[in-house]
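The structure follows.
FYI, it's all coordinate maths here, none of it is from the lab. Just so we're clear, the structure is a prediction, and the values are computed from it rather than from any experiment. Don't worry about glycine lacking a Cβ; one is built from the backbone with ideal geometry, like all the others, and counts go over all protein chains shown.
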Amino acid sequence: MNSPTRPLTSTDNWPEVEAACRRILGERICQLIDEVRKDPRPESHLITVLHQVQAEFGYLGASHLDAVAQLMQIPAAKVSGVATFYHYFRLQPRGKFLVNICFGTACYVKGADRVAEKFMSELGVQLGETSKDGMFTVEACRCLGMCALAPVITVGEDVWAQVTADRVPSIIEEYIRRAKAT
Amino acid sequence: MAEDISPRKTVSVVIDGTPVRVPEGTTIMEAAEQIGISIPRLCYHPSLSIAGACRVCIVEVEGMDHYLASCHMPVWEGMRVRTNSPEIRQARRDIVELLLDNHPQDCQICERDGNCELQNLAYAMGVRERLFAGQRKRPQVDSSGHSVVRNPEKCVLCGRCVRVCAEIQGVHNLSQHGRGFTTVVAPAHYAKMDESVCIQCGQCVMVCPTAAFLEKSSTEIVWQALADPEKHVVVQTAPSIRAAIGEGFGMPPGTPATGKMITALRLLGFDAVFDTDLGADLTIVEEAHEFLIRLENGGPLPLITSCSPGWINFLEKFYPELIPHASTCKSPMSMLSTLAKTYYAERKGIDPKKIFMVAVMPCVAKKFEAARPEHRMPDGNPYTDAVLTTRELIWMIKCYGIDWARLPDGQFDPPLGLASGAGDIFGTTGGVMEATLRAATRLATGKGVDRIEFLEVRGVEGVREAYVALGERAIHVAVANGLTNAKIILDKIATGQERYHIVEIMACPGGCVGGGGQPYPPPGVPVLDKELLRQRAKALYTIDSQKTLRKSYENPAILELYENFLGVPGSPKAHELLHTSYRPRLPRGIR
Amino acid sequence: MKPEVRKRFEELQAKAEAALAEARAPYRIRIQVGSATCENAAGATVVYEEFRKHIAASGRSDIGLHRTGCTGRCSREPIVTVFMPDSLPVKYQFVTRDLVHKIFTSHVLGGQPLLEHVLDGPVIHLPRYELLCCQSPRCCQLQEEVWGTDPEALLQSMGLGPETVRVYSSSCLGACAPPEVGKIAHILVRPDKVLYRVRSREELREVLQEHLLNGRPVERLAVPGKTVGRKFLELYGDVAFFNRQTRVALRHNGVLDPTSIEEYFHYRGFEALATVLERDNPSWVIDQITRSRLRGRGGAGYPTGKKWAFAAASPDPTRYIICNADEGDPGAFMDRSMLESDPFNVIEGMIIGAFAIRASRGFVYVRAEYPLAVERVQNAIAACRQWGLLGKDILGSGFSFDIEVRLGAGAFVCGEETALIHSIEGERGQPRPRPPYPTERGLWGKPTVINNVETFANVPAIINYGPEWFARLGSEESGGTKVFALAGKVCHTGLVEVPMGTPLREIVVGIGGGPPGGKRIKAVQTGGPAGGCIPESMLDLPVDFGTLTKAGSIMGSGGMIVMDETDCMVDIAKYFMEFTCDESCGKCTPCREGTKRMLEILDRITTGSGTLEDLDKLERLGKLVRKSSLCGLGRAAPNPVLSTLTHFREEYVRHVTEKRCPAKKCKALVTYVIDPEKCVGCTVCARNCPVSCISGTRRQPHVIDQARCIKCGRCFEVCRFDAVIRD
């Protein structure tokens, strides 16, 4: 951050850099960053900020991460190192609906792999990929903590319990229908 | 700082049956060294924070159900350590084997063959079979940069580069990305080195135990030029090369080897061998002049030296608002290259296009500097065609089959071969400052002063400050080496907290003697070792003190240059040829 | 002593009671609907909404509808409890939208419970009374003597049929005092909440006759005064607290509304905090916790009192306290349940801990995958601030403390304390070498105490009911109870809280009901990916930190997966190895590289290309990773492999030498063939085969093309004639 005690020189690119970063992240995220920067340890809020950025944009793009780095004054390598460390963060844009297939022990034992295979073949994607129409991103995840309802998947905010491979096409249908309805 | 004279508590431990008494807080590794046992290690580095990551330095401690890493574990009273049970030897061997299993099997064709720490460890641990080999990571190599090549396939994830970049250089360009088996060390978003905040200092290359970081090699184009009869191949060598090159041929650190180096370069086929130190003398004269003008005109002060290209990259990316403070003088290398293709070409009647200018530098950032558009001739060709590091030159000499021990001493060629002692000491931290002060006192007062040595700016500390008499005035000077140290001074300037007149900044620890292009130290001696750097610096001060010509402005070659070619210091011609400009660069670094 | 703290607390308590009374006054009948994540997933939100509509439509103003947390009976959710005046509360399982209508019309309005939908039902009778007979080995040795060999006969002889009373064994009622040990049997009568101490069969008869038949409680035999058990009884007597589990950490789960601070106050909420602040003596708190023998519930079992004492002794005055809610073990969800169902309890525990070590700032580090838990904790923190229980000068004690929530982002290793600290600091969640331990130099280099959710959840109970009570609940080695997440091949999956030292068999068979369909238990996996498999032969092992470690497993955070004969131990080991390999932070060599190589070997073994040397390599690598990794998680990573290699080596050997999977689980080693004798040619298998590799005409035996078969097992599942043979 620049010190206000010295006049800016013409070689100082901070005003442009800052403005560009604020444009990229939008007002809501910038407000959050301005807020956490009041904390004596602003860098400790990095993960919180990244959660918000992901909530806002659906993923953490390189430009988002760089902008976060500049506005929070955390080295960009560290920001991208953090973003790639945690599985919760996604670095690619995702489909309208995120299908998360639980691969926790119970779900695994009860056939989560068959459910996953069915989703992959129905949508023509591999795990972690987004369907061509941009509707679905299919991912495997660690235990969702709903083992008794295994196999469990989540689609967006919804939880589907005791999913079998046979039910997969109708689940996909349901969301295509919902997408059309809105 | 007051010295802590209270006696530290000591504890007794037994290592491999030998009792030893050490101060409380000593690590097992340090305690073992006291009785002459060097525990194998990899990620440990005395100048960097402790990672405890590689687990090569594990030892057995009685009563513990697992092995302890000796690099970080402090000893306790009554601790009984075994550094070499059969189990621990097998565990260490297995750990090194696990590293090898995820590493290309190309030692014979690897640049680090012969001085690779992983190779040395594998040999020392006795890895003789490959029990666990399986899948190997295959990340992409980034060789797009001008200075540094990143090859994560060879990375053993010791994290020394990440730490040196952050802790010593304050650049934070590297981080581990991803996790687990697929972890990769890279700049943000796996960006190319030249498109990251990398300042090209090459300290990652120095600390890397393998070939995961290397300089971008220029040896092949130099061989090509040397073999081209159409080309007039000229070479210049930086001050600190002569202080370190001997190490590559078994000479003890700190042995000056100027004469042998010149003879070797001639044998390699260079048509003229010039001394970058003359460029340094010229830099001093121009810079001292620039300083005095700024002093007269009220700024911008402080004047910050500009010969370290790593520092200039840092300035443009991290402190762009301080750009007006940097001296506009080109670096000694670029000044000399410019003169070779103008002054020398003119005098010799050679077409500058036919001159191939090679610079031997202790530095990998010089490769980037040479490629800057600011350092191109009007026709678009660079003034410096190739930059070799000390390491590359050592290799070329060996490759050629030159018998170093039997080489007679040679002399630099005129007209760019004569340098003062002030130029020689450029190669160490504080040297540029001292040389500038020698000149500035003369220029300011109009008469030569007796004072030659400015011991207050010498030393190995990261930051040094002093007040020096300049005529009637006392000027405030500061010297910093290593960019984390430089930040301390730069922040004071940026916030107006301190008013300096001249500031010298060298990107690398110890200045050019600790440059990213210098020889790897022999096994057992860590990179950045303070004693090693001190020895190299001593060589330069010795060369200086043995000369009668110790002031840049008294160098007859410089005087002749001004008289016949440039006019006076700061003249329009001097400005056109010897000065440059800087601009803010993206991505902007975070301080 | 600071008496003004007590005064302030009592004011708040009165305020809460008043608010509750006002809110509850109109309701004679109450309906409780579970509302934790799993309940909601099972449809609880729909059920709640449906009840709301029904109540509105009925026009009745005396029926209250409440949310509560998770009871732990996951396999039966959604669960609804109906409280009618003067009756035992009735819990319904698997409640759907349609069932709501039936419950409402028949039970709530008509007073006729739906016997076929009762939890763990169907039942034939809902008795008027329930008798819970304490079965703790300490105080109730007389139980058998008093009841005789045939309790049924005794009851029948007195004319007490199943419509009047049901008798249960229960875990410790906590009512015993040392001189009475072995001399009395405690029996609780519900719903009247009367606790009797019975010394002989005659006294038992008197209770049955007078209380149950004549409706006149026997004052003479009732437990007088406020023993610990009685206090519990008054508060939690309405739920299954006194069945075979012993609920301390989970004591409010499924009882109170987790969003209401008033309800928490009603259940002695913040009383422990008031006690602590009133005494104003941090070392007293540490002493209480030390004497309770509470050990960290996160996995390693470090004595909590000792940990607090270390931090309290630090010369640095800035200290932090962290609640580790980064529950990452697949199969464990008790932390989520506690945060969702009883967040105030955890927060109260944290404040007490903070006071004990004099921390001014606390953090709850919780998984981002638990949005409801995050929301509930945040709400609870906000409510506490509003009520002056967090912030400056808590309850006028002069002690100031506040809590922030920090989210994890999906990294198992962040459960390791130094990695967790890095994560809160905004770094990659990689561990660092210890020492220094966090209690010396933790968050931002300051002394830091990190405890698990369950550990904090026990703290208020210890202060309220005394460390001796807590210590007595548990074993010699560790006090109190442990919550387990029971999953896998058992009838009743869900959360189970039992005293430390309870035999494994009691948990998986006694409470869990054993594997469904009469299959045999093969092993129990405890401790998640860092734990190991305990074979059936060792099921009588009392569960405790030390005993499990000795058996080659660990307590871990309390995941417990039951495996039957159809589970392959190599496959399970591989599953966990995949997990650790994926979750390895990548910092240290043995864990990063070693787990990968172990996984490769396991892969070879389960696909039929393993060799006997591979088994030795696996063991060598396992021991290397165990002994030389940087952090506790790395050192525990080989446990699933090493423990199965120890107990089930034969199974590994058969994979290697016979290229067969005895449990028929490893796809590559299994073949499916159709028995032409049994096949009737119904074509179901052919129609269901995803790769169409089954051929045959209708009414003719079918054949599987082995070259194309992907061994998905679909044909095996759909065949109604057992004609598909898996071999």
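So how strong a dipole does the stretch C:569-655 carry about its Cα centre when Lys and Arg Cβ are +1 and Asp and Glu Cβ are -1, to the nearest 20 debye?
400 debye
Moving on to the next point. Got a sec to turn the phi values of the stretch C:583-595 into Karplus ³J(HN,Hα) couplings, 6.51 cos²θ - 1.76 cosθ + 1.60 with θ = phi - 60°, whole Hz, x for Gly and Pro?
For the stretch C:583-595, the Karplus-derived couplings read 9, 4, 6, x, 6, 9, 4, x, 6, 5, 8, x, 5 Hz, x marking Gly and Pro.
While we're on this one: Please report the orientation-averaged projected area of the stretch C:540-580, defined via the convex hull of its C-alpha atoms, in nm².
3.6 nm²
So if I place +1 on the C-beta of Lys and Arg and -1 on the C-beta of Asp and Glu, and nothing else carries charge, what would the dipole magnitude of the protein assembly as shown be about its Cα centre? I want it in debye, nearest 20.
Dipole magnitude for the protein assembly as shown comes out near 1400 debye.
When a footprinting reagent is the concern and you count Cβ atoms within 10 Å, what order do B:Glu290, B:Glu97, B:Glu167, B:Glu129 take, fewest first?
Least to most surrounded, the residues fall as B:Glu129, B:Glu167, B:Glu290, B:Glu97.
Enumerate the lysines that C:Lys307 could reach by cross-link, defined here as Cα to Cα under 16 Å, with residues fewer than 8 away along the same chain left out.
Answer for C:Lys307, where 16 Å is the Cα cut-off: C:Lys446, listed by chain and number.
What is the distance in Å between the Cα centres of the stretch B:153-231 and the stretch B:393-468?
First find each Cα centre; the distance between them is then 29 Å.
Return the average number of partner chain Cβ atoms within 10 angstrom of each residue Cβ along peptide A:157-168.
Across A:157-168, the average partner-chain Cβ count within 10 Å equals 2.
For peptide B:411-419, what's the mean number of Cβ atoms from other chains within 10 Å of each residue's Cβ?
0
Something else about it: Tell me which aspartates and glutamates have Cα within less than 14 Å of C:Lys522's Cα, excluding those fewer than 8 residues away on the same chain?
Output for C:Lys522: C:Glu536, C:Asp540, C:Asp564, C:Glu565, C:Asp567, C:Asp571, C:Glu650, C:Glu651.
Which whole-Hz couplings ³J(HN,Hα) result when phi for each residue of the stretch C:598-608 is put into the Karplus expression 6.51 cos²θ - 1.76 cosθ + 1.60, θ = phi - 60°, listed in order with x for Gly and Pro?
Values, residue by residue: 4, 5, 4, 5, 4, 5, 4, 5, 7, 10, x Hz.
HN-Hα J couplings of the stretch C:529-542 from phi, Karplus 6.51/-1.76/1.60, θ = phi - 60°, integer Hz, Gly and Pro as x?
x, 9, x, x, 9, 9, x, 3, 4, 10, 5, 7, 4, x
Would you compute, from DSSP H runs of 4+ residues alone, the mean residue ellipticity of the protein assembly as shown at 222 nm, taking -39500 (n - 2.57) per run and dividing by the full residue count, rounded to the nearest 500?
After summing the helix terms and dividing by the residues of the protein assembly as shown, the value is -10500 deg cm²/dmol.
If eta is 0.890 mPa s and T is 25 °C, what Stokes-Einstein diffusion coefficient results for the stretch B:197-236, Kirkwood Rh from Cα pairs, in µm²/s?
195 µm²/s
In what sequence do B:Cys363, C:Cys585 fall when counting other Cβ within 10 Å, fewest first?
C:Cys585, B:Cys363
For C:Ile450, which sequence-distant residues (separation of 5 or more, or a different chain) have an amide H within less than 5 Å of its own amide H, given hydrogens modelled in the peptide plane?
C:Ile322
List the lysines whose Cα sits under 17 Å from the Cα of B:Lys530, skipping any in the same chain fewer than 8 residues away.
The qualifying lysines are B:Lys538.
Which of B:Lys216/B:Lys492; B:Lys260/B:Lys354; B:Lys231/B:Lys330; C:Lys15/C:Lys306; B:Lys216/C:Lys587; B:Lys192/C:Lys574 have a Cα-Cα distance over 31 Å?
Exceeds cut-off: B:Lys216/B:Lys492; C:Lys15/C:Lys306; B:Lys192/C:Lys574.
Which whole number gives the average count of other chain Cβ atoms within 10 Å of the Cβ atoms across peptide A:108-116?
Across A:108-116, the average partner-chain Cβ count within 10 Å equals 3.
Working only with C-alpha atoms, what are the Rg and Dmax values of chain A, expressed in angstrom?
Rg, Dmax (Cα atoms, Å): 20.6, 69.
Now for a separate question. Charges only on Cβ, +1 for Lys and Arg, -1 for Asp and Glu: so what's the dipole of the stretch B:1-95 about the Cα centre, in debye to the nearest 20?
So the magnitude is around 240 debye.
Hey, another quick one. What number comes out for the charge environment of C:Lys392, summing +1 per Lys or Arg and -1 per Asp or Glu over other residues with Cβ under 13 Å away?
After counting each charged neighbour, the total is 0.
What's the exposure ranking of B:Asp424, A:Asp166, going from fewest to most Cβ atoms within 10 Å?
A:Asp166, B:Asp424
To continue, here is another question. What is the local net charge at C:Pro676, summed over the other residues whose Cβ is closer than 14 Å to its Cβ (Lys, Arg +1; Asp, Glu -1)?
Neighbour charge sum, excluding C:Pro676 itself: -1.
Right, next: What's the tally of Lys pairs in chain A whose alpha-carbon atoms lie under 22 angstrom apart, where the two lysines are 8 or more places apart or on different chains?
The result is 7.
Specify the longest stretch of chain C that does not include any exposed loop site, a site being one of the chymotrypsin sites (Phe, Trp or Tyr not before Pro) with a non-H, G, I, E, B DSSP assignment and at most 15 other Cβ atoms within 10 Å.
Value returned for the longest uninterrupted segment is C:95-720.
Can you give me the long-range amide H partners of C:Ser170? Hydrogens built in the peptide plane at 1.01 Å from N, cutoff under 5 Å, separation of 5 or more residues or another chain.
Residues meeting the criterion, in which the H sits 1.01 Å from N, are C:Cys133, C:Cys134, C:Gln135.
Would you pull out the residues with amide H under 5 Å of C:Arg67's amide H, same chain only if 5 or more places away, H placed 1.01 Å from N?
Those qualifying (amide H under 5 Å, at least 5 residues apart or on another chain) are C:Val33.
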